[in-house]
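First comes the structure, then the notes that go with it.
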Amino acid sequence: MKKLCVNVDHIATIREARKTNEPDPVHAAVLAELGGADGITIHLREDRRHIQDRDLRLMREIVKTKLNLEMAATGEMAGIALDVKPDQVSLVPEKREEVTTEGGLDVLGQHGYLAGVVKKLQGAGIPVSLFIDPDPRHVKAAKETGAVSIEINTGKYSEAKAERGIVEELEKIKQAAFQAASLGLRVYAGHGLTYKNISSILTVAEVEEFNIGHNIVARASMVGMETAVREMVRVIQSGNRAN
Ligand code: PXP
């Protein structure tokens, strides 16, 4: 059964637009779990543009499913993760000027450094996932860091407009998922996924879990978080039944 982790960063984005105390991503996490989420994902960015340290600490207390902390592989973030002990860390590249995460980690270029961060976190009992583009070289390098899982970046697939581009990107995701699972890695996927475009990714057998944020929060702003999550869970479950 494929699972859903809901990224609640953009509830915090609305709060930070006014530097006030609402809406609270911690409340959103509770509602997402009531809606059937299998996990909650938050990205504590270096610039603290949305999620704050307080959110992470409170979520560690209240999240009953799985708390997945997305973070850059910096010394500061590793220290926070070791202190708070989320259920999983997802390492992502981070640039201050980007609107959202723009691509996967350069696992080839930063192999030794990333392997060190993975070792430190997993040595403390925190499983690590690496966010990578669907590229066979990166999948192989990810395995060699010792990380137990990867999250395949579905950003290019989500952005593709023409049928040919969509098919090409989907094929890359399928190949990467197959390769990763053959190497013994657990496989997750995310970025830019929506209620509609997730349908093809649901056919990729090796993908165990999705990380979805913006589209769910957008819908939640209209129908409420619990309903928005329930609807995405239903879409994923229909794919589970079809496969
Ligand atoms: N996975 C990773 C690694 C991300 O950085 C993000 C965005 O925070 C997501 C998944 C979720 O992407 P989206 O908000 O487009 O659903």
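Condition first: crowded, with 18+ Cβ neighbours inside 10 Å, over 30 Å from LYS119 (Cβ atoms) and of a type in the set (Gly, Ala, Ser). Now tell me which residues in the range 149-173 satisfy that.
SER158
For the range 98-119, give me each residue that is within 15 Å of the ligand (Cβ to nearest atom) and surrounded by 14 or more Cβ atoms within 10 Å (Cβ to Cβ). Don't jump to the end; show me each part of the working.
Within the range 98-119, the first condition is being within 15 Å of the ligand (Cβ to nearest atom), and the residues that meet it are 98-107, 114.
Residues satisfying the conditions are THR101, GLU102, GLY103, GLY104, LEU105, ASP106, VAL107, LEU114.
For SER149, indicate whether it is farther than 20 Å from THR41 by Cβ, of a type in the set (Gly, Ala, Ser) and at pLDDT 95 or above.
It is false that SER149 is farther than 20 Å from THR41 by Cβ, of a type in the set (Gly, Ala, Ser) and at pLDDT 95 or above.
Please indicate, with yes or no, whether at least one residue in the range 121-129 is farther than 23 Å from GLU70 by Cα, part of a loop (DSSP other than H, G, I, E, B), more than 16 Å from the ligand (Cβ to nearest atom) and hydrophobic (A, V, I, L, M, F, W, C).
Narrowing the range 121-129 to residues farther than 23 Å from GLU70 by Cα: none.
So far as the range 121-129 goes, no, none of its residues is farther than 23 Å from GLU70 by Cα, part of a loop (DSSP other than H, G, I, E, B), more than 16 Å from the ligand (Cβ to nearest atom) and hydrophobic (A, V, I, L, M, F, W, C).
For the range 186-243, which helices (runs of 4 or more DSSP H) that fit wholly inside it have 1 or more residues that are of a type in the set (S, T, N, Q) and within 13 Å of the ligand (Cβ to nearest atom)? Before you say what the answer is, go through the steps one by one.
Numbers: elements: 198-201, 214-223, 225-242.
Ranges flagged: 214-223.
The values are calculated or read from the model by the stated rules, or taken from the named source; none is laboratory data. Everything numeric in this text was worked out from a predicted model, so none of it was measured. Heads up, the Cβs are rebuilt from the backbone with ideal geometry, glycines too, and the neighbour counts pull from every protein chain shown.
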